[in-house]
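Everything below concerns the one structure shown next.
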Ligand SMILES: NC(=O)c1ccc[n+]([C@@H]2O[C@H](COP(=O)([O-])OP(=O)(O)OC[C@H]3O[C@@H](n4cnc5c(N)ncnc54)[C@H](O)[C@@H]3O)[C@@H](O)[C@H]2O)c1
């Protein structure tokens, strides 16, 4: 299989690239290398003969088209995006550009390429548009997001992803492009940029800085270990039905405060200095429009494609904290550059 991955130098895209290269697929990563994309995340596969990287902005349709023609993919995993909700509050235009216009380009380039493929390759070709559960909005105390839950995005990030999902769906219905959509809950794991909750808490804890908790810390997310997401993506691209959406989630609902407490326990266990890490917790101003609760019903993916998350929250968190403890060579330069140190997304 020849897989083209957009956004493959980011957190999830690099995990997918490392996995597919390990499985023997031929992989081309296309990435603009924004502040969120790092070749160091691809270092484990950089020298593999079945791996290639191209620095391309998905908003540059001509270059993207050339990459498709030269590489001749069988499948496209579209992950390139601006992905941080806090940043979307201050820089919405970047989210509209990449998440909407960029996705439009990916769909158009894929369509032009797919239409000229010979019949057997055309039949097998797939585009997987990777999206988020945040498009569904916010849940109350009960209920789960299902694939037929109406879209109700609340942040510039989730609105741009919702728009991109609608484009992907339209390209299937109007042009017949074999597109699938996945909507996944919050991921965590190795190589996640230290601007997102779990790595921020791990690294601030290691550095003895305050551990910021937004609002009352009671916002609930459904956490999934990144490699479980990667397995779901491979399964959906291989065996999913074009035109269909698949929710992906770990059945691991936790409040943000519970997550922070768990990180503190693990840091106390593996990197205790003097005081308990919990003493560093600081409640800070809430995010504007902060969605209260997300929770995923992944039963379609489990029932139809046989997917199951391998990691529990406990095993996944243990792996993640240990990885950060052992990989300062990856995150050290990012911290030196100030990633995740300054609070973003507060209104004046
Ligand atoms: N992280 C999560 O919890 C989560 C959950 C569900 C879905 N998703 C979705 O998965 C995808 C990947 O998320 P992530 O957490 O790995 O994001 P990330 O921010 O870590 O990585 C995004 C990557 O896209 C690249 N990129 C950004 N703009 C680009 C452009 N114009 N052209 C080419 N490349 C560009 C960046 O350089 C970076 O390598 C996103 O589409 C996101 O919406 C993420």
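Read the figures in this text as sums done on the coordinates, not as results from a lab. In this text, all values refer to a predicted model and were calculated from it rather than measured experimentally. Note that each Cβ is placed from the backbone with ideal geometry, even for glycine, and that neighbours are counted across all protein chains shown.
Observations, loosely collected:
- Of residues in region 140-166 being touching a strand residue (DSSP E or B) at 6+ places or on another chain (Cβ under 9 Å) and surrounded by 19 or more Cβ atoms within 10 Å (Cβ to Cβ), the one farthest from residue 85 (Cα to Cα): 144
- Qualifying position, being free of Cβ contacts under 8 Å to residues at least 60 places away in the same chain and within 30 Å of residue 332 (Cα to Cα), among 120, 57: 57
- In region 30-37, the condition of being part of a strand (DSSP E or B), away from the ligand (no atom under 11 Å from the Cβ) and in contact with a strand residue (DSSP E or B) (Cβ under 6 Å, 6 or more places away or on another chain) is met by no residue.
- Region 306-318: number of residues that are assigned to a helix (DSSP H, G or I) and crowded, with 17+ Cβ neighbours inside 10 Å: 3
- Within region 89-108, one or more residues are surrounded by 15 or more Cβ atoms within 10 Å (Cβ to Cβ) and over 30 Å from residue 289 (Cβ atoms).
- Search result, residues across region 51-62 that are more than 23 Å from the chain's Cα centre (by Cα) and within 10 Å of the ligand (Cβ to nearest atom): none
Listed here are the residues, each with its yes/no results for (1) outside any strand (DSSP E or B); (2) within 13 Å of the ligand (Cβ to nearest atom); (3) surrounded by fewer than 19 Cβ atoms within 10 Å (Cβ to Cβ).
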residue: 12; (1), (2), (3): yes, yes, no
residue: 21; (1), (2), (3): yes, no, no
residue: 40; (1), (2), (3): yes, yes, yes
residue: 43; (1), (2), (3): yes, no, yes
residue: 49; (1), (2), (3): yes, no, yes
residue: 81; (1), (2), (3): yes, yes, no
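- Yes/no for residue 76 being in a strand (DSSP E or B), surrounded by 17 or more Cβ atoms within 10 Å (Cβ to Cβ) and either within 11 Å of the ligand (Cβ to nearest atom) or under 17 Å from the mean Cα position of the chain (by Cα) (or both): yes
- Looking only at residues of region 51-61 that are under 12 Å from residue 7 (Cα atoms) and touching a helix residue (DSSP H, G or I) at 6+ places or on another chain (Cβ under 8 Å), we find that the one that is surrounded by the fewest Cβ atoms within 10 Å (Cβ to Cβ) is 54.
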